[in-house]
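The values are calculated or read from the model by the stated rules, or taken from the named source; none is laboratory data. In this text, all values refer to a predicted model and were calculated from it rather than measured experimentally. Cβ atoms come from the backbone with ideal geometry, glycine included; neighbour counts cover every protein chain shown.
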Amino acid sequence: LAMTARVRRALERREFRLHFQPIRRVADTAAVAIECLLRWPQPDGGFVPPLAFIPLCERSGLIGELGRWVLREAATTAARLAAAGRDDIAVAVNVSAGQFAGRDLPGEIQRLADEFGLRRGALHVELTESVLMDRPDHAMDTLRRLQRQGVRVALDDFGTGYSSMSYLSDLPVDTLKIDRMFVARVDADARSAAICRALIALGHSVGMTLVAEGVEHAGQHRWLSENGCDQVQGFLFDRPQPFDETFAALGGQR
Ligand code: G
Ligand code: G
Ligand code: NA
Ligand code: MN
């Protein structure tokens, strides 16, 4: 069966799952959000990685349906957190190019927030720079609407794209996620350290929050803490896991 036909069938059969990975404050590692990561479990116990089917779904138009499922599941999760007294934790959703360009994302998020009674700010969106490059005018308009609705927007994999200073200062984006490529050797390699220092300074100069992805070792965490990064995410703290395991690992409310 062709991949897109398999995805369509998997949606019908409700085979997809979300795993979650917390994003934590650097200073005390308190969780501030959980990022949704799409999982497609297979009979052999493994799963098909998202990058093996999301780009195909973009081309076939199936991304609309898949993205709607992810958003609804994210809203359900935000409602579960609120019901458990943890509405201090936001739910972050990755949004692909087709989802961002082809649809009314702000409207869709607002309808879900109303339906599930979510507080303002309960959902965050993560985008890559390439998503914004496709149709810059539409992107700016969509970002402004999201910001008005209180939906925080993060630029994912930051540093691997084409952002210029002038572009960044105009962009209605709240958060930069430093790509794990730069974080990997930040405490061991002068070039990686210089790049991360520059990205942190750049983001802070335009009032953004900085998140470091892919933090795997205590040395990286220490470096990021000493160099003013705001938040961290990675295997040092958390593996992506189903909701119950993630919830149990969130730690106390602060
Ligand atoms: O979870 P993992 O490391 O395998 O994710 C691989 C890539 O797939 C990452 O770039 C991640 O952002 C992306 N991804 C994971 N879940 C989703 C999703 O629900 N929607 C979109 N568009 N991308 C996702
Ligand atoms: O592109 P995006 O940042 O959304 O990708 C998220 C992916 O990164 C997820 O698939 C997740 O499994 C992976 N990831 C999360 N933390 C770490 C980490 O500490 N190290 C590595 N190598 N991958 C990570
Ligand atoms: Na992401
Ligand atoms: Mn990333």
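Considering only the stretch 128-142, I want to know if a residue exists there that is away from ligand 4 (no atom under 16 Å from the Cβ) and touching a Gly at 6+ places or on another chain (Cβ under 9 Å). Before you say what the answer is, go through the steps one by one.
Narrowing the stretch 128-142 to residues away from ligand 4 (no atom under 16 Å from the Cβ): 133-142.
Still in the list and also touching a Gly at 6+ places or on another chain (Cβ under 9 Å): 133.
Within the stretch 128-142, one or more residues are away from ligand 4 (no atom under 16 Å from the Cβ) and touching a Gly at 6+ places or on another chain (Cβ under 9 Å).
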Notebook entry, point to check: Being farther than 24 Å from Ala122 by Cβ and touching a residue at least 24 places away in the same chain (Cβ under 8 Å), is that true of even one residue in the stretch 11-29?
Noted result: yes
Item checked: Subset of the stretch 123-141 that is farther than 16 Å from Val70 by Cβ and not aliphatic (A, V, I, L, M) - its residue that is modelled with the lowest pLDDT -> Asp134
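Tell me, which strands (runs of 3 or more DSSP E) lie completely within the stretch 5-103 with 1 or more residues that are of a type in the set (Gly, Ala, Ser)? Working first, answer last.
On the way: elements: 17-25, 31-41, 90-94.
So the answer is 31-41, 90-94.
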Checklist line | Residues being surrounded by 17 or more Cβ atoms within 10 Å (Cβ to Cβ) and closer than 20 Å to Cys36 by Cα - total across the stretch 144-160 | finding: 9
Notebook entry, point to check: Gly159 fails exactly one of the following numbered conditions: (1) under 28 Å from Leu105 (Cα atoms); (2) without any contact (Cβ under 8 Å) to a residue 40 or more places away in the chain; (3) of a type in the set (Gly, Ala, Ser). What is the number of that condition?
Noted result: (2)
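Taking into account only those residues within the stretch 142-165 that are of a type in the set (Gly, Ala, Ser) and closer than 13 Å to Val131 by Cβ, which is modelled with the lowest pLDDT?
The initial filter retains those residues of the stretch 142-165 that are of a type in the set (Gly, Ala, Ser), namely 150, 154, 159, 161, 163-164.
Adding the requirement that they be closer than 13 Å to Val131 by Cβ leaves 154, 161, 163.
Details: Ala154: 97, Gly161: 77, Ser163: 66.
Ranking the candidates gives Ser163 first.
Name every residue in the stretch 185-238 that is within 16 Å of ligand 1 (Cβ to nearest atom) and either out of contact with any helix residue (DSSP H, G or I) (no Cβ under 7 Å at 6 or more places or on another chain) or not hydrophobic (A, V, I, L, M, F, W, C) (or both), in order of residue number. Can you show your working first?
First pass over the stretch 185-238, keeping only residues within 16 Å of ligand 1 (Cβ to nearest atom): 211-216, 233-238.
Result: Val211, Glu213, Gly214, Glu216, Gln233, Gly234, Phe235, Phe237, Asp238.
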Item checked: Checking Met208 against (1) buried (at least 17 other Cβ atoms within 10 Å of the Cβ); (2) within 24 Å of Arg152 (Cβ to Cβ); (3) within 16 Å of ligand 2 (Cβ to nearest atom), the condition it does not meet -> (3)
Checklist line | Filter result (among the hydroxyl-bearing types (Ser, Thr, Tyr), more than 16 Å from ligand 3 (Cβ to nearest atom) and within 15 Å of Thr246 (Cβ to Cβ)) within the stretch 36-92 | finding: Thr76
